[in-house]
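J.: Please find one structure pasted underneath; my questions will follow.
The values are calculated or read from the model by the stated rules, or taken from the named source; none is laboratory data. Worth saying up front: this structure is predicted, and the values here are computed from it rather than measured. Cβ placement follows ideal geometry from the backbone for every residue including glycine, while neighbour counts extend to all protein chains displayed. Remember, those area values only see protein heavy atoms, side chains included, never the ligands or the DNA or RNA. Shrake-Rupley method; radii C 1.70, N 1.55, O 1.52, S 1.80 Å.
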Amino acid sequence: MSPAEAAIRIEELTAELNEYNYQYYVLANPSISDYDFDQKLKELEELERLFPQFLDADSPTQKVGGDITQRFNTVRHRWPMLSLSNTYSEQELRDFDARVRRAIGDDFEYVCELKFDGLSISLTYENGVLKRAVTRGDGVQGDDVTANVRTIKKIPNRLRTEGYPELFEIRGEIFMHRPAFQRLNNERIENGEMAYANPRNFAAGTIKLQDSAEVARRPLDCFLYFLNADNRNRLFKNHWESLEAVKSWGFHVCEHTALCANIDEALAFIAKWEKERHDLSYDIDGIVIKVNDYGQQEELGFTAKSPRWSISYKYKAEQVETVFQSVSYQVGRTGAVTPVANLKPVLLAGTTVKRASLHNANEIARLDLREGDTVFVEKGGEIIPKVMGVNMLKRSPDALPIVYPLSCPECSTLLVRKAGEAVHYCPNDEGCPPQIVGRMQHFISRKAMDIEGMGDETIETFYRQGLLRNIIDIYALQDKQDILIGLERFGQKSIDNMLAGIEKSKEKPFEKVLFALGIRYVGETVARKLALHFKNIDVLAAASKAEIEMVHEIGERIAESVTEYFANDIHREQIERLKQHGLKLAVEEKVTKRLGDALEGKSFVISGVFEQFSREELTAIIESHGGKLLSSISGKLDYLVAGDKMGPSKLAKAEKLRIPIISEKELLQLIANN
Ligand code: AMP
Ligand code: ZN
């Protein structure tokens, strides 16, 4: 293949994979199998390896986090993971039942189970210890995700009872409860991170993360529903018995599993859960019916794709039609604009729906939504339902397309959209009211500075009164007690309480402060990683984009947002003020042991990536010999310790100011010589 051909193919594959990722994660509606996706991804990787000049930092092969582009070891299943034949109709269930009876007679039972909407997992235990966890993959082989699965509390790593086979495989479904999904997803949206379309995608994305510590922080659950072992049929007569046993070994088995004497009882079970499934804390998409007896299961056997002794009945997603009335554009604290469809109120899955998410401008275009349209609305795992499509039959011929606003509905600033991003932003972060208020609300929130005695409404009131314009003002409230006491609904007691809360927040560790600043794309996890890596805000502020990207799982988008943030003088000024107020802007470390004073009175800036030492180690070396670290290059600086990939502007500045630029080796020599 010529480089020109490769370039074209790389571009094609990149566009396709990005579209699939979007369909998968945002629309929850992938149009391609995992397997085909992986094939395309492999092809792209291979081309990028052969033609590294075309490797783009934005390539789908470079994505980390909740993407299906992660690579894990591929493992063959001991017993293939087949799929289930499925149906939406009662008649087909009766046909299934008739086939079963023709094969094994009338003397049998069914086990009816909920069909959990998560991702299937195969767990292998040896001598009671979890050895391997593998995703279904293509049914023959899947991804080895053991490290991640070990973090799920509902899956035992070691069985505490006895009586289980020496070697067995147990299968189940990993899922996330809806309330946890909503809470975590809202956090992601607030942090400017990509939201998941439903709990299933969240669970699937989580299991495929590279960072098991992050997996551990996300509450996953798992129902087990199938046991396999060489001697299984000698231990148990039927599926039901095996489930009882599995439960006693410490596995989570769904309590709603039921034994049914015949197809009518199974149909009654289906009808019952069609209604009651909305009261469950997790999503199910149907019911699975299994012939109970192992001997009878063997008689029935398998087709190439699925067992003949089992079938699933799927519930139709609840969808209603209603009139689309208008779009509201909401501005979040990071300036992200979210279009929301206002609908003629309609009853859906037990609640009245008035609004539905439209995600972004691309989604409006994809739906080809026009004024006055009649739309189909569906309820997934989210509180706010989704517009699935337009009923074209009811569209009037002169319906006008939706025009996405050019300027911010709150402050009239022209909106911007970065290349490759779907979301529009209002760039007026210092002047746009919902951004100002939202940022302060974020700052004081529980996961950030957790300021007691202050709430979202307090912030709004104080903002309206002109008491608060930015986070710094929070720490100046102490000097404004005379104004505070004059405010309605503010007694001395609540003021004291609030001021004590503000004072206490100064004890919050650096990672919380960093998260509280509300830098776009810097959620809790990212803040923790950055804090741990850079140790203090000055070092972080001085870091180049490339240096930030060197941190594990920090991508270009985050790195760019961080450098942009610190390039802004207003932010630097704010950070200085926060320092003066005594907030923790560095990781608290054991006081570095003094090894000497060879560097006494000298100042240093560390920049770039080093061969021998990490930045933390270099920092420790300098400080332990009496040197001081500065955040930026100025005339006062004594040395710039430079590694690879240093920002060109920094280099130019150091050269212009004639600051000595030294390597890590030269730093050591400097210490040795003094
Ligand atoms: P399908 O993907 O529609 O072919 O359905 C098969 C999948 O349903 C299996 O791979 C499982 O992941 C999932 N499933 C959910 N609940 C159950 C259950 N109780 N028994 C068997 N499979 C289940
Ligand atoms: Zn605005």
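J.: Go through the range 625-644 and count every residue that is out of contact with any strand residue (DSSP E or B) (no Cβ under 7 Å at 6 or more places or on another chain) and crowded, with 17+ Cβ neighbours inside 10 Å.
T.: 3
J.: In addition: How do the pairs read when you match residues in the range 113-128 that are without any contact (Cβ under 8 Å) to a residue 60 or more places away in the chain and near ligand 1 (Cβ under 7 Å from one of its atoms) with residues anywhere that are part of a strand (DSSP E or B) and open to solvent by 10 Å² or more (accessible area, probe 1.4 Å), using Cβ under 7 Å and keeping only pairs 6 or more apart or on different chains?
T.: Correct list of pairs: Ser120/Arg171; Ser120/Glu173.
J.: Scan the range 338-346 and tell me whether some residue there is surrounded by 20 or more Cβ atoms within 10 Å (Cβ to Cβ) and within 16 Å of ligand 2 (Cβ to nearest atom).
T.: yes
J.: Please give the number of the condition Ala543 fails out of (1) touching a residue at least 60 places away in the same chain (Cβ under 8 Å); (2) hydrophobic (A, V, I, L, M, F, W, C); (3) out of contact with any Phe, Trp or Tyr (no Cβ under 8 Å at 6 or more places or on another chain).
T.: Result: Ala543 fails condition (3) only.
Residue-by-condition table, conditions (1) among the small types (Gly, Ala, Ser); (2) more than 18 Å from Gln441 (Cα to Cα); (3) not assigned by TED's automatic domain parsing to the domain that holds Val215:
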site: Leu467; (1), (2), (3): no, no, yes
site: Ile471; (1), (2), (3): no, no, yes
site: Asp479; (1), (2), (3): no, yes, yes
site: Ala500; (1), (2), (3): yes, no, yes
site: Lys506; (1), (2), (3): no, no, yes
site: Val513; (1), (2), (3): no, no, yes
site: Gly523; (1), (2), (3): yes, no, yes
site: Arg528; (1), (2), (3): no, yes, yes
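J.: Let me ask another. Quick check on Asp456: is it of a type outside the set (Ser, Thr, Tyr), surrounded by 15 or more Cβ atoms within 10 Å (Cβ to Cβ) and either closer than 30 Å to Arg557 by Cβ or within 16 Å of ligand 2 (Cβ to nearest atom) (or both)?
T.: Spelling it out, it is not the case that Asp456 is of a type outside the set (Ser, Thr, Tyr), surrounded by 15 or more Cβ atoms within 10 Å (Cβ to Cβ) and either closer than 30 Å to Arg557 by Cβ or within 16 Å of ligand 2 (Cβ to nearest atom) (or both).
J.: To continue, here is another question. Would you confirm, using the coordinates I've provided, whether Ser122 is touching a His at 6+ places or on another chain (Cβ under 8 Å), open to solvent by less than 50 Å² (accessible area, probe 1.4 Å) and not hydrophobic (A, V, I, L, M, F, W, C)?
T.: yes
J.: Just give me the residues in the range 323-354 being in contact with a Cys (Cβ under 9 Å, 6 or more places away or on another chain) and in a strand (DSSP E or B), in sequence order.
T.: Result: Tyr329, Val331, Ala336, Val337.
J.: So Asn186 fits all but one of (1) open to solvent by less than 50 Å² (accessible area, probe 1.4 Å); (2) without any contact (Cβ under 8 Å) to a residue 24 or more places away in the chain; what number is the exception?
T.: (1)
J.: Out of all the residues in the range 153-186, which are aliphatic (A, V, I, L, M) and within 16 Å of ligand 1 (Cβ to nearest atom)?
T.: Of everything in the range 153-186, those that are aliphatic (A, V, I, L, M) and within 16 Å of ligand 1 (Cβ to nearest atom) turn out to be Ile155, Ile170, Ile174, Met176.
J.: Go over the candidates Gly596, Gly647 one by one and state the one that is touching a helix residue (DSSP H, G or I) at 6+ places or on another chain (Cβ under 9 Å), surrounded by fewer than 17 Cβ atoms within 10 Å (Cβ to Cβ) and not polar (S, T, N, Q).
T.: Gly596
J.: Kindly establish whether Thr206 is hydroxyl-bearing (Ser, Thr, Tyr) and closer than 30 Å to Thr338 by Cα.
T.: yes
J.: So if I check each of Thr146, Thr135, Thr151, Thr161, which one is open to solvent by 50 Å² or more (accessible area, probe 1.4 Å), among the hydroxyl-bearing types (Ser, Thr, Tyr), more than 16 Å from ligand 2 (Cβ to nearest atom) and at pLDDT below 95?
T.: Thr161
J.: Something else now. Which residue pairs have Cβ atoms under 7 Å apart, sit 6 or more places apart or on different chains, and have a first residue in the range 419-440 that is open to solvent by less than 20 Å² (accessible area, probe 1.4 Å) and a second that is polar (S, T, N, Q) and within 14 Å of ligand 2 (Cβ to nearest atom)?
T.: Close Cβ pairs (under 7 Å, with a partner that is polar (S, T, N, Q) and within 14 Å of ligand 2 (Cβ to nearest atom)) amount to Cys426/Thr413; Cys426/Gln435; Cys432/Thr413.
J.: Going by what's in this entry, would Tyr425 be described as more than 16 Å from ligand 1 (Cβ to nearest atom), under 28 Å from Gly372 (Cβ atoms), of a type in the set (Ser, Thr, Tyr) and in contact with a strand residue (DSSP E or B) (Cβ under 9 Å, 6 or more places away or on another chain)?
T.: no
J.: Condition first: within 15 Å of ligand 1 (Cβ to nearest atom) and surrounded by fewer than 19 Cβ atoms within 10 Å (Cβ to Cβ). Now tell me which residues in the range 224-252 satisfy that.
T.: Asn228, Trp240, Lys247, His252
J.: Right, next: What about Lys665, is it open to solvent by 40 Å² or more (accessible area, probe 1.4 Å) and either in contact with a helix residue (DSSP H, G or I) (Cβ under 7 Å, 6 or more places away or on another chain) or aliphatic (A, V, I, L, M) (or both)?
T.: No: the conditions fail for Lys665.
J.: Right, next: Taking the stated definitions as given, is Gly635 free of Cβ contacts under 8 Å to residues at least 40 places away in the same chain and farther than 19 Å from Glu617 by Cβ?
T.: yes
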